[in-house]
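Everything on this sheet refers to the single structure shown next.
The values are calculated or read from the model by the stated rules, or taken from the named source; none is laboratory data. Predicted model only: the values in this text are computed from it and were never measured. All Cβ positions, glycine included, derive from the backbone under ideal geometry; neighbour counts span all protein chains shown. What goes into the accessible areas is simple: the full protein's heavy atoms, side chains included, and nothing from ligands, DNA or RNA. Shrake-Rupley method; radii C 1.70, N 1.55, O 1.52, S 1.80 Å.
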Amino acid sequence: MVLLAQALYVKRTTPRLPGAAGPTEGLVPGDGEPFRLAVLGESTVDGVGAADHEEALTGCLARELARGGRAVRWQAVGRTGANARTVRAELVPLVRPADVVVIALGVNDTIELRTAAGYRRDLLRLVIDLRRRLGPAGVLLAGVPPMARFPAL
């Protein structure tokens, strides 16, 4: 009961910051046919804390991948406050064809007190939907951040 009360308090009192401004797609120049990167998930993908998506998670990841010399076409598909079910239902249809999709989720599912089994089930369904939509694209799951280190939590 105490955990539920704490979760409700955190959800009610933690400010919602805006996502990054500007385009959610871009190209890091390089050689050859661009490698296609899509990043899908919650506030980190939405770019909270960054001025624009080029400086947020997706743009930084694309620049690092392009250090190998190949061009990278990137897309950020995120929503602050999204959980795995929301991403599956509302954001997967927005993902363009990609060679790799990185999924960054877990904070909101944790705050909403989803069980580990329920979260795994939702992630599996999300990956299956992505594969049906995109074919043999690689799918990488980012780890859930260390929740104990979040000052608000």
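What dipole magnitude, in Debye to the nearest 20, does the chain give about its Cα centre under +1 on Lys/Arg Cβ and -1 on Asp/Glu Cβ?
Dipole about the Cα centre, nearest 20: 540 debye.
Along the stretch 101-111, what does the Karplus equation 6.51 cos²θ - 1.76 cosθ + 1.60 (θ = phi - 60°) give for ³J(HN,Hα), rounded to whole Hz, x for Gly and Pro?
10, 9, 10, 10, 9, x, 5, 5, 4, 5, 4
How much mean residue ellipticity at 222 nm does the chain get from its helices, if each DSSP H run of length 4 or more adds -39500 (n - 2.57) and you divide by all residues, to the nearest 500 deg cm²/dmol?
-9500 deg cm²/dmol
Quick check: net charge around ARG125, other residues with Cβ under 14 Å of its Cβ, Lys/Arg +1 and Asp/Glu -1?
Within the 14 Å Cβ shell, the charges total +4.
Per q in 0.15, 0.16, 0.22 1/Å, what log10 I(q)/I(0) does a Debye calculation on the alpha-carbon atoms of the stretch 61-137 return?
With no solvent term, the Cα-only Debye profile gives -0.58, -0.65, -1.03.
Pop out the carbon and sulfur fraction of the accessible area of the stretch 19-144 as a percent, whole number, probe 1.4 Å.
The value for the stretch 19-144 is 53 percent carbon and sulfur by accessible area.
Residue farthest toward the positive end of the dipole of the stretch 19-144, with Cβ of Lys/Arg at +1 and Asp/Glu at -1: which of THR110, PRO34, GLY59?
THR110
Could you tally the net charge around GLY47, taking each other residue with its Cβ under 10 Å from the Cβ of GLY47, Lys/Arg +1 and Asp/Glu -1?
Its environment carries a net charge of -4.
So how much accessible area does GLU33 have, in Å² to the nearest 10, using a 1.4 Å probe?
Approximately 140 Å² for this residue.
Under a 1.4 Å probe, what is the accessible area of the stretch 10-109 per residue, stated in Å²?
Accessible area per residue, the stretch 10-109: 50 Å².
Which entry in [x] 23.1, 84; [y] 16.1, 57; [z] 18.8, 61 is this structure's computed Rg and Dmax of the Cα atoms in Å?
After the calculation, the listed value that fits is [y].
Students often get this wrong: which residues of the stretch 41-76 have the backbone nitrogen under 12 Å from the point 7 angstrom along Cα-to-C-beta of ASP99?
65-74
So how much slack lies between LEU124 and GLU25, counting 0.36 nm per residue of separation and subtracting their Cα-Cα distance, in nm?
Between LEU124 and GLU25, full extension yields 33.1 nm more.
For the chain, set up a GNM with springs between Cα atoms under 10 Å and report which of ARG12, ARG67, ARG121 has the largest fluctuation.
Largest GNM mean-square fluctuation: ARG12.
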